[in-house]
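The values are calculated or read from the model by the stated rules, or taken from the named source; none is laboratory data. This is a predicted model, so every value here is computed, not measured. Cβ placement follows ideal geometry from the backbone for every residue including glycine, while neighbour counts extend to all protein chains displayed.
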Amino acid sequence: AECKDMVEAVEKAGVVAMINFNYRRIPAVELARVMVENGMIGTPYHFRSVYLQDWIIDPDFPLVWRLQKDKAGTGAHGDLNAHIIDMARYLCGDFESVSGLMKTFIEKRPLPQGEGAGLSKSEGAREYGEVTVDDATMFMAKFKNGAIGTFEASRFGGGHKNGLRFEINGSEGSIRFNIERLNELEYYNRKEDARFQGWKTILATEPTHPFVKGWWPAGHVLGWQQTFVHQIYLLMNGIATGENPSPSFYDGLKCQAVLEAVEKSADTGVWVDVTE
């Protein structure tokens, strides 16, 4: 309801608004969208993705605000799945229905002694409180264009600090991306001569790649921080031209609809249609 109110308020006021799904602004991800739109993988069949972190595996990690539903809303689902849901919509289109599973592995944690940002361990906590969000959420999805998808978000992915990966398989080829190598995009062309077929790595650092010409010479890599600069650039350009940049509040509404449908599916054990 709040998302709808925000979308309606922006439309009524006629102002420029934007939501910060900054992973769209990685040049390699922007290139992936161009490749999908230009038919370089043909008809998309599969979107598979994982987003893994491991910062709360330790059972002595305290009950910070990110682990409390009344403050955070959800756990790994809203924190991590939101990004790969938006990525999937950006690359493969809208969702039709979902089937979800949510799990909390450690149900009680020591209460923190001090306040923090919610990502660090506090020493000396003794009393325990209940964890009221998910530690991990997995779901399957059907897209309106006929593709299917799998999504996994976990804060218990040992060895992964911020491991977002996705792969799209289509009728003519595939692409895959790993945020830990965010300047690279891998591409497989099924139509290529069989003698030379295989995954090829594209280094998305040429001036012809999205956003890159505003930075360094070709081959000089970009980092995660540049994605925020790209977002700010698009927002400022939107203010200057009066055109709403992407991702919009409406994109946020569409993402929230998927998040809530997954929660409902996890509660009921059935497939749930995605509606706004």
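Here are some notes:
- Count of region 88-97 residues, restricted to those that are under 14 Å from Glu276 (Cβ atoms) and buried (at least 21 other Cβ atoms within 10 Å of the Cβ), is 1.
- Considering (1) over 18 Å from the mean Cα position of the chain (by Cα); (2) under 30 Å from Val272 (Cα atoms), the lone condition that Gly159 does not fulfil carries the number (2).
- If the condition is being among the polar types (S, T, N, Q), within 15 Å of Lys69 (Cβ to Cβ) and not in a loop (DSSP other than H, G, I, E, B), then region 127-162 contributes only Thr137.
- Selection of first residues in region 55-68 that are surrounded by fewer than 17 Cβ atoms within 10 Å (Cβ to Cβ) and of second residues that are part of a helix (DSSP H, G or I), restricted to Cβ pairs under 8 Å at least 6 apart or on distinct chains, gives the following pairs, ordered by first then second residue: Trp65/Lys71; Trp65/Ala72.
- Near pairs, Cβ below 7 angstrom, 6+ apart or cross-chain, from region 217-242 (free of Cβ contacts under 8 Å to residues at least 12 places away in the same chain) to any residue that is outside any helix (DSSP H, G or I) and buried (at least 16 other Cβ atoms within 10 Å of the Cβ): Asn237/Pro245
- Checking the stated criteria, Gly75 turns out not to satisfy the condition of being at pLDDT 95 or above, buried (at least 22 other Cβ atoms within 10 Å of the Cβ), of a type in the set (Gly, Ala, Ser) and under 30 Å from Val36 (Cβ atoms).
- Hey, Glu107 closer than 30 Å to Ser171 by Cβ, charged (D, E, K, R) and at pLDDT 95 or above or not: no
- Hits in region 168-209 - residues which are surrounded by fewer than 17 Cβ atoms within 10 Å (Cβ to Cβ) and under 19 Å from the mean Cα position of the chain (by Cα): Asn178, Glu180, Arg181, Glu184
- When residues in region 83-108 are screened for being assigned to a loop (DSSP other than H, G, I, E, B) and either under 27 Å from Thr132 (Cα atoms) or without any contact (Cβ under 8 Å) to a residue 12 or more places away in the chain (or both), 4 of them pass.
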